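Reading through the structure tokens given below for one structure.
Rule-based calculations on the coordinates, nothing more; no lab input. Quick caveat, the model's predicted, so the values are computed rather than measured. In this analysis, Cβ positions are derived from the backbone assuming ideal geometry, glycine residues included, and neighbour counts consider all displayed protein chains.
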Amino acid sequence: MDAINKGHLPNVESAWFYVCRSEGLKAIKESSDFMEREIEELLKNPIKLNDIAEIKNQLREQVIAKFKKRSLGSEDSHPDLL
């Protein structure tokens with residue numbers, strides 16, 4: 001409070017950036033864990049060579065959707081995480 005009373009304002013923009021970045025890192029971890037579980041499940045059954053590209057694309061879309069749902073802020077908050 002003394003800092004605010006003396007005219008020094010906290011940098012809210014910077015604090016928000018770090019919150020978004022922290023949540024983005026958590027979202028990456030959760031998305032990565034999801035991807036690993038899905039791959040382990042897929043490997044329990046035979047996969048046709050022709051299906052691999054489609055499976056990869058579907059899994060990629062699911063992982064990105066999970067990341068975007070979990071992360072905070074805009075893509076500008078964590079461009080190096082995408």
Residue-span extension gain [residue 72 to residue 32] - 0.36 nm each, minus C-alpha spacing: 12.7 nm
Relative exposure of 32, 71, judged by other C-beta atoms within 10 Å (fewest first): 32, 71
Estimated FRET transfer efficiency when R0 is 41 angstrom, pair residue 41-residue 19 (beta carbons, to 0.05): 0.80
Calculated FRET efficiency for the pair residue 64/residue 6, C-beta based, R₀ 41 Å, to 0.05: 0.35
